[in-house]
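*Asks:* Have a look at the structure that comes next, please.
The values are calculated or read from the model by the stated rules, or taken from the named source; none is laboratory data. Since the model is a prediction, treat every value here as computed from it, not as a measurement. For neighbour counting, all protein chains shown are included, and Cβ atoms are generated from backbone atoms with ideal geometry for every residue, glycine included.
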Amino acid sequence: MTLDKVTPGILINDLSDHLPIFVVIKPAHVEKLNTKPQFKHDFSNFNAEEFMEETKEALNSMISNSDNPAAALDDPIGAIKKVLDDYAPLKKMSRTQRRLAQKPWITSDLYKLTKTKNKLYRAPVRCKFDDKQEYKRYKKMRNKVNHQLEISKRKYYQSQFLEYGNDSAKMWKLINTLTNSQVKTHSYPNKLLNPINSQHTGNLEKMANIFNDYFVTVGKHIANSITPPCSNKFL
């Protein structure tokens, strides 16, 4: 690897007591990740009154234009969603929006405060923390941001627990999120190689038997492969 493909640098950020050091390495070949774009409704120009009026007209139209009003309302959610798409069209989420969606308690105001805090951190870093006034300004903003984040996060989870108080599955999901416990996923191989006939099988019963045969005999095979020590070597 040549030096022209390596770009080192220092990240001016208060992630830790020391400035993080990074390096960017230009690979010979880059494969693009086929990540699916995420979308959300854009409510920036949303008019609630017009939306409600249009929704009523759409539902009334479904009933009046049908010989069977009960059957006409089989999909009211679809009719409402169609109106919603007109008044709050889907918009592709940016990378920042996708990242913030993972922490819904971080509001737009808190995000702006965090950016302000990061900007204030640059001034004392450039003067090697000799300017006590600049460092004092940064610390005040940092404490404010941390306090607001703590309050916002607490309120968010309080509302979530109240909303899903009767749903044990979602309650445990919230608890695992707070305790950083990873949700266990159950997975198994699609196929296994049968050591007897050297053929792959996807039959669940046969796969279970292959596992059973292996664990029943693996201890014996390992024991036979071990050379027994000479018991009278040191006698």
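*Asks:* So in region 1-42, with the set limited to residues that are exposed (fewer than 10 other Cβ atoms within 10 Å of the Cβ) and part of a helix (DSSP H, G or I), which one is modelled with the lowest pLDDT?
*Replies:* Checked region 1-42; the qualifying residue modelled with the lowest pLDDT is 3.
*Asks:* Return yes or no: is residue 155 surrounded by fewer than 12 Cβ atoms within 10 Å (Cβ to Cβ), touching a residue at least 24 places away in the same chain (Cβ under 8 Å) and either outside any loop (DSSP other than H, G, I, E, B) or of a type outside the set (Ser, Thr, Tyr) (or both)?
*Replies:* Numbers: surrounded by fewer than 12 Cβ atoms within 10 Å (Cβ to Cβ): yes; touching a residue at least 24 places away in the same chain (Cβ under 8 Å): yes; either outside any loop (DSSP other than H, G, I, E, B) or of a type outside the set (Ser, Thr, Tyr) (or both): yes.
Criteria met by residue 155.
*Asks:* Among the residues of region 179-194, which ones are at pLDDT below 75 and either under 30 Å from residue 154 (Cβ atoms) or in contact with a helix residue (DSSP H, G or I) (Cβ under 9 Å, 6 or more places away or on another chain) (or both)?
*Replies:* First pass over region 179-194, keeping only residues at pLDDT below 75: 180-189.
Answer for region 179-194, where residues must be at pLDDT below 75 and either under 30 Å from residue 154 (Cβ atoms) or in contact with a helix residue (DSSP H, G or I) (Cβ under 9 Å, 6 or more places away or on another chain) (or both): 180, 181, 182, 183, 184, 185, 188, 189.
*Asks:* Here's a follow-up. Kindly check whether there is at least one residue in region 56-73 that is modelled with pLDDT of 80 or more, acidic (Asp, Glu) and out of contact with any Ser or Thr (no Cβ under 8 Å at 6 or more places or on another chain). Steps first, please.
*Replies:* Taking region 56-73 as the starting set, the residues that turn out to be modelled with pLDDT of 80 or more are 56-61.
From the residues that got through so far, the ones that are acidic (Asp, Glu) too are 57.
Filter again for out of contact with any Ser or Thr (no Cβ under 8 Å at 6 or more places or on another chain), leaving 57.
Yes, the conditions are met somewhere in region 56-73.
*Asks:* Could you tell me whether any residue of region 119-140 is small (Gly, Ala, Ser) and without any contact (Cβ under 8 Å) to a residue 24 or more places away in the chain?
*Replies:* Here is the first cut: in region 119-140, the ones small (Gly, Ala, Ser) are 123.
So of that shortlist, the ones also without any contact (Cβ under 8 Å) to a residue 24 or more places away in the chain come out as 123.
Yes: region 119-140 contains one or more residues that are small (Gly, Ala, Ser) and without any contact (Cβ under 8 Å) to a residue 24 or more places away in the chain.
*Asks:* Sticking with this structure for a sec: Hey, could you check region 98-116 for residues that are more than 21 Å from residue 154 (Cα to Cα) and in contact (Cβ under 8 Å) with a residue 12 or more places away in the chain and say which is farthest from the chain's Cα centre (by Cα)? Give the steps one after another, and end with the answer.
*Replies:* Of the residues in region 98-116, the ones more than 21 Å from residue 154 (Cα to Cα) are 98, 115-116.
Keeping just the survivors that are in contact (Cβ under 8 Å) with a residue 12 or more places away in the chain gives 98, 116.
Values: 98: 9, 116: 25 Å.
Only one residue tops the list, namely 116.
*Asks:* Any residue at all in region 199-220 that is assigned to a helix (DSSP H, G or I), at pLDDT 85 or above, within 30 Å of residue 122 (Cα to Cα) and out of contact with any strand residue (DSSP E or B) (no Cβ under 6 Å at 6 or more places or on another chain)?
*Replies:* no
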